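*Asks:* Just passing along the structure, written as structure tokens.
Bear in mind these aren't lab numbers, they're just calculated from the coordinates by the rules spelled out. Note that the coordinates shown come from a computational prediction; the quantities given were computed from them, not determined experimentally. Cβ atoms come from the backbone with ideal geometry, glycine included; neighbour counts cover every protein chain shown.
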Amino acid sequence: MNNSLNNGDTQFRLTFKSKMTFEFAGEIEDMILDALRRYTHIEVDLSKVSEIDVCGVHLLSLLERFADKGVEIIASSPAIEKAYERRQNRLIQQSRLQMPAEEAQLRA
């Protein structure tokens, strides 16, 4: 895994490369928390992420919670897009399971 913290003159960029998986979750979490503590504006580059699992998605959701505090995802990858698509589909399925049966049939 090869992640990096790049501090520019006006922007701070957090770049993830390769895998965002359970195997590297501790390292990724440390980078995220360190960046959130030190900087007020962070750009996140996910364009080189080749694999992501539920741990990686969870860590990205941590970043999303802070999006209104100066975190901006500036680039994605096919692996990230696919993971978010699966996540969105699961959320839709869960919401249908929670609504009354008649209402679910109307929305299907």
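*Asks:* Please list, in chain and number order, the residues 5+ apart from Phe12 or on another chain whose amide H is under 5 Å from its amide H, with Hs placed from the backbone.
*Replies:* Answer set, sorted by chain and number: Glu43.
*Asks:* Mind giving me the FRET efficiency for Glu51 and Ser95? R0 is 22 Å, r the Cβ-Cβ distance, nearest 0.05 is fine.
*Replies:* 0.20
*Asks:* Report the convex hull volume per residue for segment 27-84, counting only C-alpha atoms, in Å³.
*Replies:* 76
*Asks:* Using a Förster distance of 30 Å, how high is the FRET efficiency between Ser18 and Arg87, based on the Cβ-Cβ distance and rounded to 0.05?
*Replies:* The value I calculate is 0.90.
*Asks:* Given H placed on each backbone N at 1.01 Å, which residues far from Lys17 in sequence or on other chains put an amide H within less than 5 Å of it?
*Replies:* Asn2, Asn3, Ser4
*Asks:* Rank-order 50-56, 33-39 by packing density, defined as the average count of other C-beta atoms within 10 Å over each peptide's residues, highest first. Don't jump to the answer; show the numbers that get you there.
*Replies:* Numbers: 50-56: 16.4, 33-39: 13.6.
Ranking, from highest mean packing down: 50-56, 33-39.
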